[in-house]
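Some notes on the structure that comes next.
Bear in mind these aren't lab numbers, they're just calculated from the coordinates by the rules spelled out. Everything quoted here is computed from the prediction, not taken from an experiment. Cβ placement follows ideal geometry from the backbone for every residue including glycine, while neighbour counts extend to all protein chains displayed.
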Amino acid sequence: MKPWMLRFVEESEARMEKMMERKIQAVHKRLNAFEFIVLERSTPTIDVTTFQIELATLCADVDPLLAPDKFVPEPAPEVEEDEVVISTLFSDTMPPRDSSRASGKRHRSFVHTSDAEESRRAKKRERQELETAQ
């Protein structure tokens, strides 16, 4: 390499080092400012009376949930399992078979609509009328 090239490379490296040094100093300055701000903050104070009131309210809400039930249901009369199986096997009545094709399908008759369906349609009509009026 020629001497003028070496000098140019050295000057460029020196400029880069100075620039990096300035950036590092700027970052350290910001970090110090951040630490100072964090250290200056006052710690949040806890109002003990408010905390005690909230805790008492919470306990009052939880106590009924933890209390044992006063109502004890009577046990249902037990039917022997063998009797149920035998009566099911040898009974004369057969339950109607659900068609696997028809199960899960809904009857879509417009004649037999429920009240909920009618109210939904009425609301839709009102909304459409309002939109067209605007």
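Distance between the modelled labels on residue 1 and residue 29, one decimal in nanometres: 3.2 nm (7 Å Cα→Cβ projection). Backbone phi angles across the stretch 13-29, fed through the Karplus curve with coefficients 6.51, -1.76 and 1.60 (θ = phi - 60°), yield HN-Hα couplings of 5, 5, 4, 4, 5, 5, 5, 5, 5, 5, 5, 5, 5, 5, 5, 5, 4 Hz in residue order; Gly and Pro are listed as x. Taking every Cα-Cα distance in the stretch 3-65 and sorting them into 5 Å bins starting at zero, the pair-distance distribution P(r) comes out as 3, 13, 8, 8, 7, 7, 7, 7, 6, 6, 5, 4, 4, 4, 3, 3, 2, 1, 0 percent.
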